[in-house]
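Each remark here refers to the structure printed beneath this line.
The values are calculated or read from the model by the stated rules, or taken from the named source; none is laboratory data. The shown structure was predicted, so the numbers you read here are calculated from the model rather than taken from an experiment. In this analysis, Cβ positions are derived from the backbone assuming ideal geometry, glycine residues included, and neighbour counts consider all displayed protein chains.
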Amino acid sequence: MGGLGFPILTVVTFFPLVGVLILLFVDKGSKRVLRWTAFVTTVVEFLLSLPLYFKFQLGTHHFQFVEKISWIKILGSYYHLGIDGITLFLVLLTTFLTMLSILASWTIDKHVKEYMISFLLLETTMVGVFCSLDLLLFYLFWEAMLVPMYLLIGVWGGPRRVYAAIKFFLYTMAGSVLMLVSIIYLYYHHYKVAGDLTFNLASLLSTPVAASVAPWLFLAFALAFAIKVPMWPFHTWLPDAHVEAPTAGSVILAGVLLKMGTYGFLRFCMPFFPTATLHFSYLFLTLAVISIIYGALVAMVQDDVKKLVAYSSVSHLGTVMLGLFALNLQSVSGGVLQMINHGLSTGALFLLVGMIYDRRHTRLIKEFGGIAKVMPIFATFFMIATFSSIGLPGLNGFIGEFLSLVGAFKTYPVFAVLGTTATVLSAAYMLWMYKRVFFHEVTVEANKELKDLSFREFMIMLMVVIPMFWIGLYPKPVLERMEPSVLNFISQVKGRVSAQKEFSPQGKERVSMAAFIVENKELR
Amino acid sequence: MMVLILAVVLIPLLGATINGLFCWFTKRKAHIIAVPAIAIPAIVSLILLARVLQGERFDQVLYWWIPLGDFRVPIGFLLDELSAIMITTVTFVATWIHVYSIGYMDHETPRGYAKYFCYLNLFVFFMLTLCLANNFLLMFVGWEGVGLCSYLLIGYWYEKASAANAGMKAFVVNRIGDFGFMIGLFLIYKHLGTLLFSQAFASAEQLSVGVATLITLLLFTGATGKSAQIPLYVWLPDAMEGPTPVSSLIHAATMVTAGVYMVARTHALFNMAPLSMEVVASIGAATALMAATMALVNNDLKRILAYSTVSQLGYMFVGVGVGVYAAGIFHLFTHAFFKGLMFLTAGSVMHALHGELNLQKMGGLIKKMPITGWTFVVGALAIAGIPPLAGFWSKDEILAGAFMGGHRIIWAVGTFTAFLTAFYMFRLIFLTFFGEPREKHLYDHAHESPPVMTIPLIVLAVGSAVVGLLALAPHGGIVGFLNRTLGEAHEAAGHEGGLTYILMVISVAMGVAGVVLAYFMYMKRMPDPVAMARNFRPVYTLLYNKYYVDEIYFAFIVNPVVGGSRYALWKFVDVIIIDGAVNGVGRLCRLVGGGLRYIQTGFIPDYAWMILVGAVVIYWIGRLF
């Protein structure tokens, strides 16, 4: 239990359910109580996740705060949780953004109870995804996460919410199904080779897959995660989902859910199939660079601010993927840091877009202009978020972007150079949007009387901005926690390639599904 | 020493923070914080300069900013002859421009006033960071930070569409340069394994000439953005939309010279790459000439000064490009005084004429505003290279360096540009301050600016007059001082006494000729400028429209990219191809499902058959594997 004396990860994972339980007994009509209950739950949850950071042991790549209890014996599945230097920050990001999202959901007025319950359920599943070290458990959380998100988009979304929700669900499911097949294959394959049934991540990792099947399994996993990231050309669900999702839904979708795609590559796809990873690296580097440039160019010409931010995510996540596939310390650390940074900056942008939407019920750029005059505080926060997203040195975005690009340049200079165009393009699309929304004279009558941020909104933005400066000026605490895990990841991929090449696909690796079913029957 | 350096860097940041966070309280009193926040660092800079003069050097890490494996970048500072000169110049000029701003920004709203000083302090903070950084990445922080402040201050009057556009243009164009800069940094890290100046320069000789050339050309790309050289100079004339003290501080005296400073700072790399040096000098000379020609026919007071800045920056690049780094920095130093001064006088004129910038509507103003007028003349004489004013010394060093280094064509271009410079500057002076007033109404309302504005003018005018004499100080003067760190790329083959004097006489003659020609054309109408414009209509139109460069960029770069993104990528690839395919799959599923519905007959025997067939198929599939 990682030296804390109590199962902290279980607490962090399931604490939101306590909130759900309380919410169940609150009257539907008392919206204030519902909101405060949910908010307090997420605040406590965030505070509970802080010891993970402070008690985190430096200098080791081993999983920490590990809990392992037999769960489904007959399948060899364990309730197995643990975090390393990478998931530590993803968990913190999740609890942090969920807290802000609930605070940003004060304006939700429809089915408040169900909304808050969905949100808290979502939090549990998200934390669960990042903490699971058992593939079955992981898959369970992964799939369970879809349901509350689907509801958040489909019930509390915009006019085309149903289309967007279904598109989101089907896109993700299409990938998940292939991933499930691959997980089962790995599970069975491990059983054939090692003779025990387990979904344990480490055990499955230690059983290399035959070179003949590895590429297919790799692609199945990769497809599931590439949709989630999303990489070009699997990205078209994202703008739709974002435009229709409620503000908090977008924050979580961009801030956390997209990271599950990149996390999936990092934790499963690439370490499981190192040879295939290297074999396909040019494909994925190309897709990453296309995502970077394509996302930025399409973002530039959007008429809807939220859609613009959505497309910018495609571009930013492309940088993460570029970093991951370049496979060196700087590039991968930069990529992981960029996952956090994107959560903060894009989360902040979605929060801000939501605030103006609450006031004007439109997000079309041409409906605005001169907002800086009427809402100076709002404009200031928007500018900080904008520059964080552009990657201005001194703010968080720069560190992640620069590290991933400088690292990528070491191994793949051409791809890195192409990826660096993002620095120009992001400035172009963000500042052009900023200019049209905030500068010029106020021309639209409805904008003349807009109120600046309320205290609640001010506090939300203040909280997001602080870590932006912190990571920008003093990223060392983050980097030093991350470094051993990143090195471990690289050695998992690179170190095992040579070992696997000698592994010949003979005899028992060629397995038959029918035999598997039969043998499994015997087990029963 | 670290404490003093931190004081220099952080006090402006403190000032910016106070005015930024508490602009609701400081309001009209913002300058009480902002001016000392620059004046104190200015005094400390002088102390630091004095210590450097005594031979002290300083290079120390404050803390490790990004420590990641072998990629280790600190927040650390380097104080040597070069950075000492830079910070002294920056803080000195900035102090007086802050003082001047008290008068100039008088009409702003209280909060706008505080915001203005906040940005101005913040700018100085980033500029000092840029100059004092001991590694490439921290320098890049300052580099981007000054760009941010420039963006914010150009767009200070953001309700004006032209100001909002100009701010954005400045930032984006700069980012194009930074794209090159960043890749240059990647290459340095890849080949030298460090971004620290001391380590990188010490091991610079390991680089092959090819890599060194690539690195330096990429760094220079960054410089062309920040320092407004061909092909990225287009943002600077538009940047004149900002308040005039900003144009003076950021877009003349300090920020735009960052590119020159950077080339000088990385001279160890440039020395490895003769080709890059050639490129730097050639681009510098071409920019100097081109910008000067655009200034010839313009009627906008501030834009003429902006083109003049571009042109003078070209000179500085000629200096560092031909290997006389110290001369380039010397010109940077003198230019900060006289160009800062000229912008402030332009601001004073605007202040008096309610924002009027058109030369054709002015005239005779020297009677109404003598201090403004005569200080401008001092600045103009300095830039025209008339001895013993500042510009003469530094320009002469550069041209002599070019000639001695064997760059005869560049020398000729530079000398001819000196003639043009003197001409357009005195055209501006005669049209603005002398002759008969052309707009009676404007003239009648004109008045001299208050002392808070004229005192900075006088100070900078005295500076413009005398700082050039530092060239005559003992131990080789300021050039010798700078050469303690910079050295010369190629040991100039001994200053041949006679030749240097001949060159000096030529360049002075060029300056005088320009002044005299301007006098005859604009005071005596011989030849009449209007008739000249008519006779050389195509040339005049081309120059008047700035060679149509902005239009060309829009037609061939901006519009195709935006249009292509909208119609080819978004509307076609995204909406029709990808979403078409996705929705197509959906439709296909529904179609197949609709078809399969017919086998759901509801008859048990049908199902039994199907189960049997299915079982056999599965069995055979199983056998196959």
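Tabulated values for the structure
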read-out	value
Residues of the range B:292-330 satisfying the condition of being closer than 16 Å to residue B:426 by Cα and of a type in the set (A, V, I, L, M, F, W, C)	B:292, B:294, B:295, B:296, B:297, B:301, B:304, B:305, B:306
Unmet criterion (only one of (1) within 11 Å of chain B (Cβ to nearest Cβ); (2) in contact with a Ser or Thr (Cβ under 6 Å, 6 or more places away or on another chain)) for residue A:394	(2)
Residues of the range B:555-607 that turn out to be under 25 Å from residue A:294 (Cβ atoms) and within 13 Å of another protein chain (Cβ to nearest Cβ), as a count	30
Any chance residue B:170 is in contact with a helix residue (DSSP H, G or I) (Cβ under 9 Å, 6 or more places away or on another chain), surrounded by 24 or more Cβ atoms within 10 Å (Cβ to Cβ) and facing chain A (nearest Cβ under 7 Å)	no
Selection status of residue A:466, part of a helix (DSSP H, G or I) and either surrounded by 17 or more Cβ atoms within 10 Å (Cβ to Cβ) or in contact (Cβ under 8 Å) with a residue 40 or more places away in the chain (or both)	no
Matching entry among A:368, A:382, A:378, A:402 (being surrounded by 22 or more Cβ atoms within 10 Å (Cβ to Cβ), touching a residue at least 40 places away in the same chain (Cβ under 8 Å) and within 9 Å of another protein chain (Cβ to nearest Cβ))	A:402
Selection within the range B:116-129 - among the aromatic types (Phe, Trp, Tyr) and more than 11 Å from chain A (Cβ to nearest Cβ)	B:116, B:117, B:119, B:123
Breaking point among (1) under 24 Å from the mean Cα position of the chain (by Cα); (2) within 11 Å of chain A (Cβ to nearest Cβ); (3) among the charged types (D, E, K, R), for residue B:72	(1)
Lone qualifier among B:622, B:586 - being over 30 Å from residue A:235 (Cα atoms), more than 39 Å from the chain's Cα centre (by Cα) and surrounded by 12 or more Cβ atoms within 10 Å (Cβ to Cβ)	B:622
Any chance residue A:482 is part of a helix (DSSP H, G or I), more than 18 Å from residue B:151 (Cβ to Cβ), away from chain B (no Cβ under 11 Å) and in contact (Cβ under 8 Å) with a residue 60 or more places away in the chain	no
Residue in the range B:414-427 that is surrounded by fewer than 23 Cβ atoms within 10 Å (Cβ to Cβ), on the phi > 0 side of the Ramachandran plot and in the same structural domain as residue B:346 (by TED's automatic domain parsing) present	no
Wholly within the range A:196-284, helices (runs of 4 or more DSSP H) carrying at least 3 residues that are within 30 Å of residue A:159 (Cα to Cα) and in contact (Cβ under 8 Å) with a residue 60 or more places away in the chain	A:237-244, A:247-252, A:258-264
Any hit, the range B:249-270, residues being in contact (Cβ under 8 Å) with a residue 60 or more places away in the chain and either among the acidic types (Asp, Glu) or outside any helix (DSSP H, G or I) (or both)	yes
Candidates B:412, B:382 - the one that is without any contact (Cβ under 8 Å) to a residue 40 or more places away in the chain, of a type outside the set (Lys, Arg) and in a helix (DSSP H, G or I)	B:412
Residues of the range A:410-422 satisfying the condition of being touching a residue at least 40 places away in the same chain (Cβ under 8 Å) and at the interface with chain B (Cβ under 7 Å from one of its Cβ atoms)	A:410, A:416, A:421
Helices (runs of 4 or more DSSP H) lying entirely in the range B:529-625 (those with 3 or more residues that are in contact (Cβ under 8 Å) with a residue 24 or more places away in the chain)	B:537-544, B:549-553
Residues within the range A:439-456 that are under 33 Å from the mean Cα position of the chain (by Cα), among the hydrophobic types (A, V, I, L, M, F, W, C) and more than 11 Å from every other protein chain (Cβ to nearest Cβ), tallied	2
Pairs where the first residue, in the range B:130-159, is more than 8 Å from chain A (Cβ to nearest Cβ) and the second is surrounded by 24 or more Cβ atoms within 10 Å (Cβ to Cβ) and polar (S, T, N, Q), C-beta under 7 Å, 6+ apart	B:131/B:83; B:132/B:83; B:138/B:129; B:142/B:129; B:147/B:174
